[in-house]
Amino acid sequence: MAKGSYYYNCLKDYDTAVRYFEQARQLLPNSSRIPESLAYVARRRGQWERSEAYFNEAERLDPRNVNLLTQHATTDIALRRFPEALRKF
């Protein structure tokens, strides 16, 4: 997870970051941080549907994570889905 975050945040090497996040997913299948991180990568790449799927997966694993809900709502705002964003806020 840490290596994936380093490649995503510091080096902006998204392909390598995804590889590390997928490896972490095998070790931590119930962690919401992994699909959340994959959602950020997909959003950064403009893969909106994939990002939405990852956010939904992360929310199923951790439905009370305020930061996660806020980031998902931010994505909804970017896609002009204001009622969905308002529900998440």
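The values are calculated or read from the model by the stated rules, or taken from the named source; none is laboratory data. None of these values were measured; they are calculated from a predicted model. Here Cβ is always computed from backbone atoms with ideal geometry, including for glycine, and neighbour counts include all displayed protein chains. Accessible surface is based on the protein model in full, side chains and every heavy atom, while ligands, DNA and RNA are left aside. Shrake-Rupley method; radii C 1.70, N 1.55, O 1.52, S 1.80 Å.
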- prompt: If a residue has to be under 18 Å from Asp76 (Cβ atoms) and not small (Gly, Ala, Ser) to count, how many in region 1-40 make the cut?
  reply: 4
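Would it be correct to say that Ala39 is under 21 Å from Leu69 (Cα atoms) and in contact with a helix residue (DSSP H, G or I) (Cβ under 7 Å, 6 or more places away or on another chain)?
So Ala39 fits the description; yes.
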query: In region 16-34, which residues are open to solvent by 40 Å² or more (accessible area, probe 1.4 Å) and in contact (Cβ under 8 Å) with a residue 24 or more places away in the chain?
result: Leu28, Asn30, Arg33
- prompt: Which residue pairs have Cβ atoms under 8 Å apart, sit 6 or more places apart or on different chains, and have a first residue in region 37-56 that is free of Cβ contacts under 8 Å to residues at least 60 places away in the same chain and a second that is among the β-branched types (Val, Ile, Thr) and open to solvent by 20 Å² or more (accessible area, probe 1.4 Å)?
  reply: Leu38/Val18; Val41/Val18
task: Having 2 or more residues that are touching a strand residue (DSSP E or B) at 6+ places or on another chain (Cβ under 9 Å) is the bar; report the helices (runs of 4 or more DSSP H) wholly within the chain that clear it.
output: none
query: Do we have any residue at all in region 45-68 that's more than 19 Å from Tyr14 (Cα to Cα), touching a Lys or Arg at 6+ places or on another chain (Cβ under 6 Å) and aliphatic (A, V, I, L, M)?
result: no
field: Residue list for region 34-82, restricted to those being over 20 Å from Met1 (Cβ atoms) and of a type in the set (Phe, Trp, Tyr)
entry: Trp48, Phe82
task: Tell me which residues, restricted to region 35-66, are open to solvent by 60 Å² or more (accessible area, probe 1.4 Å) and either among the polar types (S, T, N, Q) or at positive phi (or both).
output: Gln47
